[in-house]
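Everything on this sheet refers to the single structure shown next.
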Amino acid sequence: MHARVRPSLYAQLEALPDGLIGEILNGQLHTQPRPTGPHAYAASMLGADLVQPFDKGRGGPGGWWIIDEPELHFLVDVEVDVPDIAGWRRERMPRLPDGHRFTVVPDWVCEVLSPSTESKDRDIKMPVYARYGVAHAWLVDPRKRQLETYELVDGIWRESGRFSDADGVRAAPFDAVALPLDDLWVS
């Protein structure tokens, strides 16, 4: 009699059908469908607002990599997270990885909240980000037209700002440039 070999969680993640995003958080495989229009729009617009001044250095300080939906491997193939957007200071990650696994802990992550992901983003992913030392996290809520910003202090998230609707936002780590929050919302 032969023992049945169960595929690893990462092998299961790789075998997911198109249209599903998979993550391995705290030893559990989590799946979700691709984001809704308002969710994708908010993430796209925030990324666009950050890339020019912070990634490209046009109208801002530069020095960052800003990446949509990177596959973060806090522990390779064991603790795998896919934030909506992440950023790395180039002095900490001088080159992008050749493959799809990002193994350098980002300096900043952003999650866009939706009814199906909010509890996972807040209750599971935020503690994972804290455990691995991500310094800054932003939560964007297109339904409430709100941005919450957090800084990691002694391993604990401290809310550093809450902005609504059309506020011009200057928030760490991107406080060198004011970001128009109303760019993120579908009219």
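Brief remarks on what is shown
- Sorting 98, 183 from the fewest to the most surrounding beta carbons within 10 angstrom yields 98, 183.
- Charge context of residue 55, other residues only, Cβ under 15 angstrom, K/R +1, D/E -1: +2
- A simple spin-label model places pseudo-atoms 7 Å from Cα toward Cβ; at residue 104 and residue 177 they are separated by 2.0 nm.
- Coarse-grained scattering of the range 91-187 at q = 0.22, 0.23, 0.24, 0.25 Å⁻¹, given as base-10 log I(q)/I(0) from a Debye sum over alpha-carbon atoms: -1.20, -1.25, -1.28, -1.32
- Maximal additional length on extending the residue 28-residue 92 stretch stands at 20.1 nm, based on 0.36 nm per residue less the C-alpha distance.
- Selection among 22, 174, 41 by position relative to the dipole of the chain gives 22 as farthest towards the positive end (Cβ unit charges, Cα centre).
- Working from Cα pairs under 8 Å separated by at least six residues, relative contact order for the chain is 16 percent.
- Neighbour counts of C-beta atoms inside 10 Å place 153, 140 in the sequence 153, 140, starting with the fewest.
- Trypsin sites (Lys or Arg not before Pro) within the range 1-87: DSSP coil, no more than 10 neighbouring Cβ in 10 Å: 4, 58
- Dipole check for the range 36-184: with +1 at the C-beta of Lys and Arg, -1 at the C-beta of Asp and Glu, and the Cα centre as origin, the magnitude is about 260 Debye.
No lab work stands behind these numbers, since they all come straight from the coordinates. For clarity, every value in this text was computed on a predicted model and none was experimentally measured. Here Cβ is always computed from backbone atoms with ideal geometry, including for glycine, and neighbour counts include all displayed protein chains.
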